[in-house]
Structures are given as C-alpha cells and as structure tokens.
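Participant: Quick one: structure below, then a few questions.
The values are calculated or read from the model by the stated rules, or taken from the named source; none is laboratory data. Since this is a predicted model, take the numbers as computed values, not measurements. Cβ placement follows ideal geometry from the backbone for every residue including glycine, while neighbour counts extend to all protein chains displayed.
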Amino acid sequence: MEKDVVLLAIESSCDETAAAVVKNGREVLSNVIYSQIALHTEFGGVVPEIASRKHIEKINQVIEQALSAAGRSLADLDGIAVTYGPGLVGALLVGVSEAKAISFAAGLPLIGVHHIEGHICANYIENKDLEPPFVCLVASGGHSHLVVVRDYGKYEIIGRTRDDAAGEAFDKVARAIGLGYPGGPKIDKLSREGNPDAIAFPRAKVAENEYDFSFSGLKSAVLNYINGCEMKGEEFSRADIAASFQKAVIDVLVEHSIHAVKAYGFSKFAIAGGVASNSSLRETFSERCEREGIAFYHPSPIFCTDNAAMIGAAGYYEFLRGVRSGYDLNAVPGLKLGER
C-alpha cells in the first residue's frame with residue numbers, strides 16, 4: 001500500500017488568507033480561510049496594499065488553525081504547497097515567503113502551485129470519480145478561461161476573455177446599479193426577483209476564436225441602458241437589469257463550454273472559480289449537461305472562491321510528478337497556466 005501524502009497548502013493571491021491540510025489530493029483534513037471582504041467593501045474592490053498587510057497579520061494564525069484542526073504537526077507533513085501566481089504581487093509574496101520559511105525550517109519539499117490549476121483541481125476534492133480528460137470553465141473576478149484538461153498537470157487553454165473577466169463584469173454592473181462589492185453574490189441574489197428576459201442585452205462572439213469571451217460590450221450596454229433611462233426620466237428595475245445581465249453572461253458561458261465539450265469529443269465537463277458558485281449558472285449547466293448527456297462536475301461554493309484546499313489538491317498531483325521548487329521561488333503575478 002502506498003504511503004499517504006499529506007500537504008500543508010497556503011493561498012494568499014488576493015484578499016483571502018488561507019491554509020489547509022490535504023491528504024492524497026482529495027481528502028481535506030482542514031480548510032481555514034480568513035476573508036478580507038469587509039475590509040475592502042468600503043473601497044468598492046480590493047486594495048492591494050491593505051490586502052498584503054492583512055495577509056502578514058493573519059497568515060501565521062491561519063496556518064496554526066489549519067494544523068490544529070487537522071490534528072497534524074509539521075513533522076506529520078510531506079510537503080508545503082503554495083500559490084505563487086497569478087495574483088497580486090504583494091499578496092502572493094506573503095504566502096510564498098511563509099511557505100519557503102516553513103519548508104526550510106522543517107526540511108520539507110516546497111511545491112509552487114498555479115492559482116488557476118488550483119481552481120480546476122478543486123473539482124477533485126468532492127468528485128472522487130473525476131479524472132482527466134475533461135473540459136473545465138474557470139470563471140472568476142480575474143479570469144475567464146476555457147481549458148482542456150488533458151491529464152493531471154497538463155492543460156490547454158482553448159478560450160479566454162479578450163477584455164473583462166466574467167466576475168469583473170459582475171462587480172462593475174453591481175456597482176452601476178448600486179449593489180456594491182462583491183458584485184457576484186449580490187447580483188445572483190437580486191436577479192431572483194427580476195425578469196431575465198426583460199432587457200435584451202447583447203451576447204458577444206469573437207470572430208477569431210469561437211471559444212473566446214468578451215464581456216466589456218455587455219457591461220457597456222448595461223451602463224448605456226441605465227443612462228438612457230435616467231436621461232429620459234424613466235424608472236428602471238434593478239432586479240430586471242441584474243437578471244437580464246446575468247442571463248446574458250450565463251448564455252455565453254454555457255454555449256461556449258458545451259460547444260467545446262462536444263467538439264473535443266469529451267463526456268465530462270467541470271466549472272471552477274468564484275463565478276462557478278453562482279446558483280443560476282450551476283442550475284443552467286446542470287440542466288444543459290443532462291440534456292446533452294454530459295457528466296457535470298462542480299465544487300461546493302466554499303471551494304469555488306479562493307481557498308487553500310484547492311492548492312493542496314493541485315500540489316498533490318505536482319508532488320507526484322516530481323515537481324519541487326527551490327528557495328528562489330518568487331511571486332509571478334502574471335503567471336500563465338502551464339508555465340513554471
């Protein structure tokens with residue numbers, strides 16, 4: 001019987017300070033997240049300097065809580081996995097520096113993990129039967145990627161946003177209709193009170209690549225609609241705007257994704273990232289995949305937003321592949337998926 005691999009995972013790429021202890025890539029022994037949402041809400045978005053300072057303040061506490069909750073000590077671990085990109089450079093540096101210090105002090109292997117790979121691997125935590133190959137949609141505040149997962153650690157990006165990421169569009173529209181930050185959950189909630197067919201917002205297609213996304217025009221259409229109503233002195237329904245905007249985003253994400261799954265001849269599809277916790281998106285994908293005979297996988301909402309358990313899952317498969325990082329590991333804010 002092969003020995004279990006237990007990793008301490010650290011995630012600090014944006015505004016969540018997170019640590020987790022993960023066994024064999026799919027069993028989460030602990031998952032601790034300190035969220036900074038309340039700190040950044042008054043600014044309408046994440047302030048990098050504030051995020052970095054709060055990471056420094058909280059990271060030791062979060063790691064201690066994760067080890068305690070898992071009933072493990074550093075002596076029980078087989079390695080340290082840490083997000084080193086992409087993300088906010090100051091925030092990333094806090095996690096990377098902490099991971100290198102623990103690795104050196106405890107004599108444990110260090111594994112640098114790509115943040116997007118972590119989101120994809122979040123699907124392995126609760127879906128024990130999921131194995132590559134499959135297509136995965138990664139949709140968050142900073143990313144909208146359509147990825148072919150060829151094997152563990154082997155990815156091919158076939159589609160990406162040309163401008164705003166889906167989550168970024170949610171935040172901007174939420175701000176425009178007075179919902180504030182974070183926009184995704186608030187639009188998801190308000191849209192349940194609105195008519196998704198009330199306003200015909202555009203669904204953009206990119207001529208050069210059928211799998212690419214563009215949400216900037218949709219965001220502008222929402223702003224123009226609001227400005228038009230205000231100029232004419234007409235009232236408008238925030239719920240109808242939220243529901244119609246959300247449906248436009250979901251329609252594009254679903255059509256591109258299902259088209260890719262069928263075109264590549266796969267039978268499995270997964271979603272990941274913060275936008276993947278949107279209830280309407282999950283329901284629409286579930287219905288469409290069932291109709292098309294496609295197995296649909298998705299993490300629980302806690303594993304969709306930034307967390308360290310997903311980094312532990314990704315780190316495990318990197319560990320098995322023999323990936324080890326040196327103490328020269330640095331934060332790479334613009335790291336591309338598949339690069340090391």
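Participant: So which of GLY87, GLY95, GLY79 ends up being within 16 Å of VAL28 (Cα to Cα) and either touching a Phe, Trp or Tyr at 6+ places or on another chain (Cβ under 6 Å) or buried (at least 19 other Cβ atoms within 10 Å of the Cβ) (or both)?
Facilitator: GLY79 is the lone residue from the list that is within 16 Å of VAL28 (Cα to Cα) and either touching a Phe, Trp or Tyr at 6+ places or on another chain (Cβ under 6 Å) or buried (at least 19 other Cβ atoms within 10 Å of the Cβ) (or both).
Participant: Same structure again: Need pairs with beta-carbon distance below 7 Å; first residue free of Cβ contacts under 8 Å to residues at least 12 places away in the same chain and within the range 43-71, second in a helix (DSSP H, G or I) and not aromatic (Phe, Trp, Tyr); sequence gap 6+ or separate chains.
Facilitator: VAL47/HIS40
One line per residue, one yes/no per condition, for (1) small (Gly, Ala, Ser); (2) surrounded by fewer than 18 Cβ atoms within 10 Å (Cβ to Cβ); (3) within 22 Å of GLY274 (Cα to Cα); (4) touching a helix residue (DSSP H, G or I) at 6+ places or on another chain (Cβ under 9 Å):
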position	(1), (2), (3), (4)
LEU67	no, no, no, yes
SER73	yes, yes, no, yes
GLY112	yes, no, yes, yes
TYR124	no, no, yes, yes
THR161	no, no, yes, yes
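Yes/no matrix, rows are residues, columns are (1) assigned by TED's automatic domain parsing to the domain that holds LEU179; (2) within 17 Å of PRO301 (Cβ to Cβ); (3) not aliphatic (A, V, I, L, M):
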position: MET231; (1), (2), (3): yes, no, no
position: HIS256; (1), (2), (3): yes, no, yes
position: ALA260; (1), (2), (3): yes, no, no
position: ILE271; (1), (2), (3): yes, yes, no
position: ALA276; (1), (2), (3): yes, yes, no
position: ARG282; (1), (2), (3): yes, yes, yes
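Participant: Continuing with the same structure: What number of residues within the range 273-293 satisfy the criterion of being farther than 20 Å from HIS143 by Cα and either in contact with a Lys or Arg (Cβ under 7 Å, 6 or more places away or on another chain) or of a type in the set (D, E, K, R) (or both)?
Facilitator: Of the residues in that region, 6 qualify.
Participant: Next question, about the same structure. Would you point out the residue of the range 98-110, among those that are among the small types (Gly, Ala, Ser) and in contact (Cβ under 8 Å) with a residue 60 or more places away in the chain, that is surrounded by the fewest Cβ atoms within 10 Å (Cβ to Cβ)?
Facilitator: The residue in question is SER103.
Participant: Same structure, new question: What number goes with the only condition from (1) modelled with pLDDT under 90; (2) of a type in the set (Asp, Glu); (3) closer than 19 Å to ASP251 by Cα that ASP212 does not pass?
Facilitator: (1)
Participant: Could I ask something else about it? Cβ-Cβ under 7 Å, sequence separation 6+ or interchain: first residue in the range 174-188 and in the same structural domain as GLN246 (by TED's automatic domain parsing), partner of a type in the set (Ser, Thr, Tyr) and part of a helix (DSSP H, G or I). Which pairs?
Facilitator: Partner pairs satisfying both residue conditions: GLY180/THR41; TYR181/THR41; ASP188/SER279; ASP188/SER280.
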